[in-house]
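Beneath this line is the structure, given in structure tokens, with notes to follow.
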């Protein structure tokens, strides 16, 4: 187990906040009209208007980017709490912050394109929505920009001995014990997260390649490569078993390219058998 001082120096907490504009608006008047027309209850249905044309490329690009950034953030951090905090090992800090700077620039550029297109998209929407169009449904361009945001907050991992409140010694001791217990449980959850990622990619390889005629994407192998690479930096407890298994997965399951696995049956069978053997070994470690 990693002690308080160890985890406090090996990792920090990170909270990535991403906000976007939904480009949808609930129309109370139309909802009431539709429900009344069908003699339905007043809460039978809700009519939500799409405020932008369906082919609003700049908007789709921006919102898709926001979703992609969130997924990449999860991939580069470990589970910590339900509130939004994630564990960022210091070994991955430089890689993470460089990635984040690039994504922030990309997000800003995409927002500029969308803001530039917004007046034309709004004019097009007024024609498409016709009688459903309401000018008040739309923020002005300056307000629109504030609806999109990408920010990050860092905090230290809570540590015992760092409670500064005006309470009795017994009460402070209880608080510090609770902090220690919660931190230890969170570290264990983070490492289960790491093991689960490795297990999942191996399980997918074993399942797909064990079927000689099953179609698979190149990502079956590239995802395994990526997980092995990132776990080298996310192994916050320096678990030797996790590192050894990561190395084994990389060595045994990614040695052949996806095309080679498709074209050479013996390569496919060999990789499937090795994946099954690794799953068996991992089951013993995860039990």
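The values are calculated or read from the model by the stated rules, or taken from the named source; none is laboratory data. Small disclaimer: the values here were computed from a predicted structure and weren't measured. Every residue, glycine among them, receives a Cβ derived from its backbone with ideal geometry; neighbour counts consider all protein chains shown.
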Does any residue of region 47-65 turn out to be assigned to a strand (DSSP E or B), within 16 Å of the chain's Cα centre (by Cα), crowded, with 16+ Cβ neighbours inside 10 Å and not assigned by TED's automatic domain parsing to the domain that holds residue 185? no
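Quick one: which residue in 38, 73 is over 18 Å from residue 113 (Cα atoms), surrounded by 16 or more Cβ atoms within 10 Å (Cβ to Cβ) and assigned by TED's automatic domain parsing to the domain that holds residue 129? Lay out the reasoning, then the answer.
Values: 38 fails: surrounded by 16 or more Cβ atoms within 10 Å (Cβ to Cβ).
Answer to the check: 73.
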Does residue 217 qualify as being touching a strand residue (DSSP E or B) at 6+ places or on another chain (Cβ under 8 Å) and either in contact (Cβ under 8 Å) with a residue 24 or more places away in the chain or not in a helix (DSSP H, G or I) (or both)? no
Checked region 233-287 for anything farther than 26 Å from residue 77 by Cβ, assigned to a helix (DSSP H, G or I) and touching a helix residue (DSSP H, G or I) at 6+ places or on another chain (Cβ under 6 Å); matches are 252, 258, 260, 261, 267, 268, 271, 272, 274, 275, 276
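Got a sec? Which of 39, 35 is assigned to a helix (DSSP H, G or I) and without any contact (Cβ under 8 Å) to a residue 12 or more places away in the chain?
It is 35.
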Residue 107 versus (1) at pLDDT 95 or above; (2) over 20 Å from residue 194 (Cα atoms); (3) loosely packed, with under 15 Cβ neighbours inside 10 Å: which is the lone unmet condition? (3)
